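The values are calculated or read from the model by the stated rules, or taken from the named source; none is laboratory data. The model shown is predicted, which means the values in this text are computed figures rather than measured ones. Ideal geometry is used to build each Cβ from the backbone, glycine not excepted, and the neighbour counts take in all protein chains shown. Surface accessibility is based on the protein's heavy atoms, side chains included, excluding ligands, DNA and RNA. Shrake-Rupley method; radii C 1.70, N 1.55, O 1.52, S 1.80 Å.
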Amino acid sequence: MSGNGDTIRLTVAQAIVRYLMNQFIEIDGVETRICGGGFGIFGHGNVPCLGEALYPVREEMPLYRGQNEQSMGFAAAAYAKYHLRRRFMFCTASAGPGTANLLTASALAHANRLPMLMLCGDTFLTRLPDPVLQQLEHFGNPALGLNDAFKAVTRYWDRITHPAQVIQTLPAALATMLDPAECGPAFLALPQDLQGWAYDYPEAFFARRVHRIRRQGPDAAEVAEAAAALKAAERPMIIAGGGVQYSGAVAELTAFAEAHGIPVVETIAGRANMLATHPLNIGPIGVTGSDSANAIAERADVVLAVGTRLQDFTTGSWTAFDRDARFIGLNVGRHDAMKHLALPLVGDAKLGLLALGAALGDYRAPSSWQSYAKQERQAWDAYVAGNVAPGNRPNSYAQAIGVVNDLCDPRDRVVTAAGGLPAEVTANWRTLDIGTVDVEFGFSCMGYEIAGGWGARIAQSEVEPDRDTIVFVGDGSYLLMNSDIYSSVLTRKKLIVLVLDNGGFAVINKLQNNTGNESFNNLIADCPTVPEAFAVDFEGHARSMGADAVTVANPAELAEAFKAAKASEKTAVIVMQVDPYEGWTKQGHAWWEVGTPEVSESEKVRDKHAEQEATRIRQRQGV
């Protein structure tokens, strides 16, 4: 490549990399490159050109070799979540099946509103060699291809059809990923021939630029209306979602709650907004919540929802609240702020809480309401203490969680997703420090656990290298996606992985039974196509990928193994069997709408359908 006046001649791939190298963001007063690097699996659709462009910057922009494109995307999502959406990773995959494997990860990032940039190979722009390897042919629409499938699971999608196009596309993609309201994954389809085409790009396009996350202040009229509703409240409550952390509004949330005596409950994404010991932290809310949070939700007359999209597991499919309760939606996204006819307070959580606090003046919730909420939390704390205690029943998720909670460092990061563990961690984990819990339940995606742990550890090692990333994973998710144990060992990004084996998809077996159905095709022992069930040697499998591994028989042995893992510098996998029937947290649940058969030959199924429908009377009908 050579410069020529105010332009520089680069290939499309080189231009993309050069642009990413020069985009920075200010975090805590330090200018840091927004793109922390990437995850890649090379193939014919990306290695000749994009690989060539990435090689010269391999030290400044590290490229982690993936084992599976889907797990690369999960790792990128967890990396962005750790950095509170202020930094992202790119994922590059070849044309065809490699790119297709990223679809699930893109959907996860979209559901969780996390930034991720996908740079994926595409068919040839000229079409001269068509049909090419791995091409899908649509005879009546030759421009339609696999990459078009990503339009449903991205916030920004573009196909580059001319080298000059990246001058418009790259800033637009970056702006989307940094936008508080529109944040999500961006996808660029890169035709294999066009990646290597050269163009005289303006050098100004590659100038170093420092970005800042926009903070949108709330409208004064909306603040006044929200304040009036809160001032009239006798039983106000705050639902704190993940947006509180993305806004950097944890301190403002705590100060607001303390100034006005308003109890706070947390969503799954909002776990670790407040310490477990804070007197106004009344616990997690919803289907996988706590008796304490759900008790005050039933009685609250005004609900201030901050930075939450009010997913069904938060709202109990909209049965968790009094039907006459009024909602105030403080959210940077208009769509989220207006849900269920809420009074919208559209704006940044930090600025919104400050403005609303000023408008409330000396208002405080009645002391009797505060006392009631605190008493409920004390009762819940007592239940959790008994629930996690070793020896209270056969081995359980809760016991394993309690052991780790007691022994971990307050700044260690906990990662889990899908199956029964999100509910168990949400209910039983006592937050020791702010922003230390990643329970992926926006997409509830099996396979995120270990891959997400690897991505989180990469991010953590940049900021808190002396802390640990702890992964809770069930046997089902482990079998689906485990290869990033090998990745973590290869890259020396230590993980502590707890594999809690209950013999199959036990939480869905529980749901199956709770809806009146017989156990079928969930636990390995209940699969009619399995003549003789046997357990997987997870310890041996993990060892084969280079990790230290041990199988323990009970929580006491788990504690000793965890201490050893903490002391080691190497990825450690600890395996313990847990009971698929008696190992569940039985309290803290709200109603959840699932489809049940209206007609069935089974009396048990009919009875459970009637029971399910009887609770629907509490469901708010969109108001």
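Quick rundown of the values:
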| read-out | value |
| --- | --- |
| Hits in region 593-623 (condition: assigned to a helix (DSSP H, G or I), open to solvent by less than 70 Å² (accessible area, probe 1.4 Å) and touching a residue at least 60 places away in the same chain (Cβ under 8 Å)) | Val605, Lys608, His609, Gln612, Thr615, Arg616 |
| Search result, residues across region 30-85 that are part of a helix (DSSP H, G or I), aliphatic (A, V, I, L, M) and open to solvent by 30 Å² or more (accessible area, probe 1.4 Å) | Val47 |
| Any chance Asp362 is free of Cβ contacts under 8 Å to residues at least 24 places away in the same chain, farther than 23 Å from Gln245 by Cβ and surrounded by fewer than 19 Cβ atoms within 10 Å (Cβ to Cβ) | yes |
| Helices (runs of 4 or more DSSP H) wholly inside region 269-338 containing at least 1 residues that are among the aliphatic types (A, V, I, L, M) and under 17 Å from Thr585 (Cβ atoms) | 291-299 |
| Single residue of Ala398, Ala451, Ala423 found to be of a type in the set (Gly, Ala, Ser), touching a residue at least 12 places away in the same chain (Cβ under 8 Å) and more than 27 Å from Gly73 (Cα to Cα) | Ala398 |
| Conditions (1) assigned to a loop (DSSP other than H, G, I, E, B); (2) open to solvent by less than 40 Å² (accessible area, probe 1.4 Å); (3) touching a helix residue (DSSP H, G or I) at 6+ places or on another chain (Cβ under 9 Å): number failed by Val132 | (3) |
| Elements of type strands (runs of 3 or more DSSP E) contained in region 156-207, each with 1 or more residues being over 19 Å from Ser94 (Cβ atoms) and open to solvent by 50 Å² or more (accessible area, probe 1.4 Å) | 198-202 |
| Selection count where residues are of a type in the set (Gly, Ala, Ser) and either at positive phi or within 25 Å of the chain's Cα centre (by Cα) (or both), scope region 566-582 | 1 |
| Pairs with Cβ under 9 Å, 6+ apart, first in region 483-499 and farther than 27 Å from Ala398 by Cα, second among the acidic types (Asp, Glu) and open to solvent by 10 Å² or more (accessible area, probe 1.4 Å) | Arg492/Glu569 |
| Restricting region 266-305 to residues that are without any contact (Cβ under 8 Å) to a residue 40 or more places away in the chain and acidic (Asp, Glu), the residue that is farthest from Ser317 (Cα to Cα) | Glu266 |
| Any hit, region 435-445, residues being without any contact (Cβ under 8 Å) to a residue 40 or more places away in the chain, open to solvent by 10 Å² or more (accessible area, probe 1.4 Å), within 24 Å of Arg309 (Cα to Cα) and under 12 Å from the mean Cα position of the chain (by Cα) | yes |
| In region 567-608, the residues that are touching a strand residue (DSSP E or B) at 6+ places or on another chain (Cβ under 7 Å) and among the basic types (Lys, Arg) | Lys570 |
| Residue under evaluation Thr92, criteria (1) of a type outside the set (Asp, Glu); (2) outside any loop (DSSP other than H, G, I, E, B); (3) surrounded by fewer than 19 Cβ atoms within 10 Å (Cβ to Cβ); (4) in contact (Cβ under 8 Å) with a residue 40 or more places away in the chain, criterion not met | (3) |
| In region 339-355, residue most open to solvent (accessible area, probe 1.4 Å) [restricted to those that are within 14 Å of Gln216 (Cα to Cα) and either part of a helix (DSSP H, G or I) or β-branched (Val, Ile, Thr) (or both)] | Leu354 |
| Checklist (1) of a type in the set (Gly, Ala, Ser); (2) open to solvent by less than 20 Å² (accessible area, probe 1.4 Å); (3) out of contact with any Cys (no Cβ under 7 Å at 6 or more places or on another chain) applied to Ser483, failing item | (2) |
| Qualifying residue in region 195-208 (condition: at pLDDT 95 or above and within 25 Å of the chain's Cα centre (by Cα)) | no |
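Yes/no matrix, rows are residues, columns are (1) touching a strand residue (DSSP E or B) at 6+ places or on another chain (Cβ under 6 Å); (2) aromatic (Phe, Trp, Tyr); (3) over 30 Å from Thr126 (Cβ atoms):
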{"position": "Leu194", "(1), (2), (3)": "no, no, no"}
{"position": "Tyr199", "(1), (2), (3)": "no, yes, no"}
{"position": "Glu203", "(1), (2), (3)": "yes, no, no"}
{"position": "Val210", "(1), (2), (3)": "yes, no, yes"}
{"position": "Arg235", "(1), (2), (3)": "no, no, yes"}
{"position": "Ile238", "(1), (2), (3)": "yes, no, yes"}
{"position": "Gly243", "(1), (2), (3)": "no, no, yes"}
{"position": "Val250", "(1), (2), (3)": "no, no, yes"}
{"position": "Ala255", "(1), (2), (3)": "no, no, yes"}
